[in-house]
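Let me begin by presenting the structure, written as structure tokens, before commenting on it.
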Ligand SMILES: [Zn+2]
């Protein structure tokens, strides 16, 4: 990554280019093994479950659960100083509870977060004062528990 683009992620890196391209389209995509159908994150050359080497980037629902989090109140690195306080966390995916995405929790009260609470993906630009470029990134926000009817219909249209 070019030093001048820090702290933005390198969206041209082969291993994660599809991930960032998906986010730009508003899709959360995760590599899925062609051999055993396991989702694998972080991307790796071989499947941890079966050793397979064929992966396809697969869109997931964006629904998940909050695994853990931390409220960052001090900007130790200059580019992050103006963003505090913010919440960084690990989210597991509905389709793949073994996958834990490092992400930010947004539109939430830090005090209201609970282990295993349902969350859903939202896409927000990563913007920093010293960088011109911005990168769309998947972040998560608390979601209500799925209820019969309404939410299912909304997804099916
Ligand atoms: Zn596999």
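Here, each number is a calculation from the coordinates, and none is a lab measurement. Predicted model only: the values in this text are computed from it and were never measured. Note that each Cβ is placed from the backbone with ideal geometry, even for glycine, and that neighbours are counted across all protein chains shown.
Considering the stretch 9-145, its Cα convex hull presents a mean projected area of 8.7 nm². If contacts are Cα pairs under 8 angstrom and at least 6 residues apart, what is the relative contact order of the chain in percent? Dividing the mean separation by the residue count of the chain yields 20 percent. Label separation (residue 44 vs residue 134): 3.5 nm, computed from points 7 Å beyond Cα along the C-beta direction.
Springs join every pair of Cα atoms under 10 Å in this Gaussian network model of the chain, and among 45, 79, 31 the largest mean-square fluctuation is at 45. Geometric descriptor of the stretch 1-88, per residue, is 139 Å³ (volume of the convex hull of the Cα atoms). With each label modelled as a point 7 angstrom along the Cα→C-beta vector, the residue 110-residue 24 pair spans 3.3 nm.
Here the residues 41, 13, ranked from fewest to most Cβ neighbours within 10 Å of their Cβ, fall in the order 13, 41. Put a dot 7 Å past the Cα of residue 68, heading toward its Cβ, do the same for residue 98, and the two dots end up 1.9 nm apart.
Computed over the Cα atoms of the stretch 29-73, what is the ratio Rg over Rh, Rh following Kirkwood?
Values: Rg = 13.3 Å, Rh = 11.9 Å.
Result for the stretch 29-73 is an Rg/Rh of 1.12.
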